[in-house]
Amino acid sequence: MAEALNLNTQTELESEITDESVLRYIDALKKSALKHYDLSLDRKTRNEQTVVHRGMAKKQASLLCHYPEQRVTALNLLARIALDEGFYSLAQYYLKDALKLDADDAGCWYSLGHTYLALKDASNALDCFTRSIDISPSETRSMVAIAYTLAQMGRVVDAFQMYRQLIKIHPNDRPVQEKLFEVVSNIRADYYQPDLEKEVTDWLDIGEVNHQALAPLAMSLLKHKYRIDDDDAVIDIQDLANDPLLLKALGKMYFTDNSIEQFTRQLRKQVLMNCVAVEYRDKPLLNLAGQLAVHAEHNEHIYLYDDDEKSIVDALRKLISESVARTPKLARDIAHLITLYSMYEPIAPLLKTCTTHSLSELLMPDYARDVFHYAVVEYRNEMKIARHIRELGEIHNPTSIKVKQQYEENPYPRWLHLNYNTPTNYGRALENELQGFRAPEFFNMGTIKVLIAGAGTGKHALHVARYFRNVEVLAIDLSKQALAYAQRQATRYGIRNIRFLCADILQLQALDEKFHVIECSGVLHHMKSPEDGLKTLKTLLKPQGLIKLGLYSYQARTVVRQIRRMIAEFDLPCNLSGIRTVRQSILEGKMPYDFSGILSSPDFYSSSGCRDLLFHVQESQYEPKELQQWMATEDLNFLGFILSSATRAGYRNLYPEDTRMTNLDNWQIYEQQHPAAFATMFQFYVQTKEADKTGLNP
């Protein structure tokens, strides 16, 4: 495997060494070691070859240690390999030895910082990265590492400011973009800043990132710019029609703020009335209408509207239906009607009789092209894909049938963008998340088979397939329509190491497959018997395999339970009309209780999200003590929660003796004191107790 040296054995290599060739030999040895190390990190390298390349790099770096002028480089490389393999103390040993030889080696300080990060010691990591920058001010990777470490320490504003500067210097650097978008979701503007507005507008043009992460910052800038919370503010609709940030934000995300939603609803009404009044001749207004229509597609037309708007929307529906009935009528001839109607209601059902040619988005005017693509072209593509999704068998369980119907009508979640991430090893990622956990060796050998049980529209399944090296993913779900969305997105992102299967978890024993990892997040609590679902999943595990579970917290969903009781009491329908009505009552504070807490949930601001949040046909909730009992019954080891940095720090301060953070009695008390700690849900890993016999996880 030593391509750079092109020699079979070290003995052969040493026999060729002469006094004149020593320097050439050392240089070749160094290049070969670095090449093998780089190949071990390449996302295209298979796991078994990764082990070979890493072994060669380690062997050659060990040989380099015998040459004083290369010893620091060699020790740094050995440390990086130890870090990749999860031997953090060994990595520190190598690096401290290297820094005794050369205290001004920026690369060693950089590597040492990463060992401290792996050990969750952000303070020492920051010191190391800072030292690296002091030695080599142009070392961009250390600047990125400092920003990342600041975010890990909870200093998100400082981290954001660093990423903000880094992306100006390196606008096309994928890791910088990735980390900026991770941090920016926690940032809001305290006042209107034109320079920041320009930057956010530019960031909305970056591809392969989650533009939704920019929503809080974009919304705060728009609120300050137009004084949206000021009842006396005067806003010119033409200014809005020519606002680059507003137009791009409408087309790239959906808003998750009450006052911005009310502002957008009022804007939509003005655009509708003005477009009709000027007989659709105002091009900037039509452009704005087009972006409002795209926005409506993103939030699945969740906004309520008044009787004045309803009369016009009904008239538009009639005009569109009559035009479609006349042939041959191209959709472009009624593009203005389609665009305005799409601001309020889904357009695809009205165009179902149109031919494929007449629905070509290329024939549409510019202002209607985006909404036509999202609302019609992609809709038809998904319908076609759904017909070809493979099924494991007919679903018989009554609760499963009801849940399937819900997600066929409202595939969830309707995500827009897949994050960019640097590929990594699943085992190392696990060790980073779980205190004191040592990943099984199979993560370093061969293909890792992952089952996503309850994949929905596939965002997480595609993330796993793309982010983790050497994985093959099987994504199953009850809903063919949800899987069709996932399949379309897989094609869009060129992700091929994933398969889709329509199936009930209760049917999975019919699968002739075993998996190293099973992820089942946000699924079991929607089954009539979650216990039966977990029992089935256990049968599909390979030896030492792991299951990741996501379950609702009883404590965190107090408000949800209250709203669900009211919905049941008044027998409100779980259709779009019912969802709009309930939401508007909550937004206007017309409920008998204070339900404002629900406004912080992003799911509240889209139709599929709100239905999943408040109208679900089946839901169970848990407390940590119940999880403990359940895991004991199923003979499973609880390996730990996936935690935010704030929750991790808070728990560690209260229970320093629980070094692995797995005492569920402690977590029962902690959550009662911090009821929002698991606001989304409990996310945790378990492993069968048979794995104890391996000695991997003491």
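The values are calculated or read from the model by the stated rules, or taken from the named source; none is laboratory data. Every value quoted in this text rests on a predicted model; they were computed, and no experiment measured them. In this analysis, Cβ positions are derived from the backbone assuming ideal geometry, glycine residues included, and neighbour counts consider all displayed protein chains. Quick note on the areas: whole protein, heavy atoms, side chains included, nothing else; ligands and nucleic acids left out. Shrake-Rupley method; radii C 1.70, N 1.55, O 1.52, S 1.80 Å.
Observations
- Size check on the stretch 462-585: the Cα extents along the three principal axes, sorted descending, read 49, 35, 26 Å.
- Pairs with C-alpha atoms separated by more than 31 Å, drawn from the list LYS179/LYS384; LYS120/LYS459; LYS59/LYS120; LYS179/LYS225; LYS310/LYS480, are LYS179/LYS384; LYS310/LYS480.
- For the chain, the solvent-accessible area works out to 44 Å² per residue, with a probe of 1.4 Å and every protein chain left in place.
- Zone of LEU196's modelled label, taken as backbone nitrogen in the stretch 208-249 under 12 Å from a point 7 Å along Cα→Cβ: 216-225
- This model, with +1 at the C-beta of Lys and Arg and -1 at the C-beta of Asp and Glu, gives the chain a dipole about its Cα centre of some 1340 debye.
- With the convex hull drawn over the C-alpha atoms of the stretch 377-444, the volume per residue is 212 Å³.
- Cα lying deepest toward the dipole's positive end in the stretch 489-588, options GLN544, LEU501, LEU572, charges on Cβ: GLN544
- Antiparallel %, DSSP beta bridges [both residues in the chain], to 5: 30
- Considering the stretch 261-307, its Cα convex hull presents a mean projected area of 3.3 nm².
- Per-selection metrics, the stretch 584-666 (Cα): Rg and Dmax in Å: 17.8, 48
- FRET efficiency for ASN497 and THR140, using Cβ-Cβ distance with R0 set to 41 Å, rounded to 0.05: 0.85
- With each label modelled as a point 7 angstrom along the Cα→C-beta vector, the THR130-ARG174 pair spans 3.2 nm.
- Between the listed residues ALA122, TYR379, TYR344, the Cα displaced farthest toward the positive end of the dipole of the chain, a dipole computed from Cβ unit charges relative to the Cα centre, is found at TYR379.
- Semi-axes of the equivalent ellipsoid for the chain, Cα gyration tensor, largest first, Å: 48, 31, 26
- Two-site FRET efficiency, GLU408 against ASP532, from Cβ-Cβ distance with R₀ of 25 Å, rounded to 0.05: 0.65
- For the pair ARG438 and LYS352, the difference between a 0.36 nm per residue extended length and the Cα-Cα distance amounts to 25.5 nm.
- Carbon + sulfur, % of accessible area of the chain - ligands and nucleic acids excluded, 1.4 Å: 50
- Förster radius 25 Å - calculated FRET efficiency between ASP635 and THR447 (Cβ-Cβ, nearest 0.05): 0.35
- Area accessible to solvent at THR447, 1.4 Å probe radius, in Å²: 50
- Net lengthening on full extension, ASP308/VAL617 (0.36 nm per residue, minus Cα-Cα): 107.9 nm
- Shown are HIS170, HIS417, whose ranking by accessible area with a 1.4 Å probe and every protein chain present, most to least, is HIS170, HIS417.
- Gain upon complete extension [ASP121, SER321; 0.36 nm per residue less C-alpha separation]: 65.6 nm
- One equal scatterer on each Cα of the stretch 243-365, no solvent, Debye formula: the resulting log10 I(q)/I(0) at q = 0.12, 0.13 Å⁻¹ is -0.43, -0.51.
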